[in-house]
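Everything below concerns the one structure shown next.
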Amino acid sequence: MTNNKNQSLLYLAWIVSVIATLGSLYFSEIRGFVPCELCWYQRILMYPLSLILGIATFQNDLAVKKYVLPLASIGWTISLFHYMEQKIPGFAEIKPCANGVPCSAEYINWLGFITIPFLAFTAFSLLISIMLIMKPKKS
């Protein structure tokens, strides 16, 4: 029974990473939002997770945790920092990021708190949680 649960959790993690990746591409390629420097770092960490988790899901490879947790944890930290730059007055730097878009800019602000870094933070949080819930195979 644990194997089926782990397989479902792997599949869920893969779906989360794919949705996050496609959402990111939607905002930049369809809506035309130019990513700031911190957004690029989050993308660098999320995009490979879609591929890594996809392969692990179809191989039923629970060892993927050792690859996913470090990437997701770093992404989680960056997205939290990015969200704090947007929402805490005085926390953001005055200078714009390297490509001219300040990291404190809010392209979306749904319900007064949901921004793009918040969405990334949520996706990384879900990935970390799923990886921690997965149980190792019994020998």
### Message
Can you order the peptides 39-48, 81-90 by their average number of other Cβ atoms within 10 Å per residue, highest first?
### Response
39-48, 81-90
### Query
Per residue of the chain, what 222 nm ellipticity follows from adding -39500 (n - 2.57) for every DSSP H run with n ≥ 4, rounded to the nearest 500?
-22000 deg cm²/dmol
#### Entry: Net dipole in debye of segment 1-90 [+1 Lys, Arg Cβ; -1 Asp, Glu Cβ; about Cα centre; nearest 20]
200 debye
### Task
Over all alpha-carbon pairs in the chain, figure out the percentage whose distance exceeds 24 Å.
33 percent
### For segment 69-76, 3J(HN,Hα) per residue [Karplus equation, 6.51 cos²θ - 1.76 cosθ + 1.60, θ = phi - 60°, Hz, x = Gly/Pro]
4, x, 5, 5, 5, 5, x, 4
### Summary
Excluding residues fewer than 8 positions from Lys87 in its own chain, the aspartates and glutamates with Cα under 19 Å of it are Glu37, Glu106
### Phi to ³J(HN,Hα) by Karplus 6.51 cos²θ - 1.76 cosθ + 1.60 over segment 116-126, Hz, x for Gly, Pro
4, x, 5, 5, 5, 4, 5, 5, 5, 4, 4
### Message
Taking a ≥ b ≥ c as the square roots of the Cα gyration tensor eigenvalues, with a/c under 1.5 meaning rounded and otherwise prolate when a/b beats b/c, else oblate, which class fits segment 11-93?
### Response
oblate
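Read-outs: derived from the displayed coordinates by stated rules, not from any lab. Because the structure is a prediction, the values reported are computed rather than measured. We place every Cβ from the backbone using ideal geometry, glycine too, and count neighbours over all the protein chains shown.
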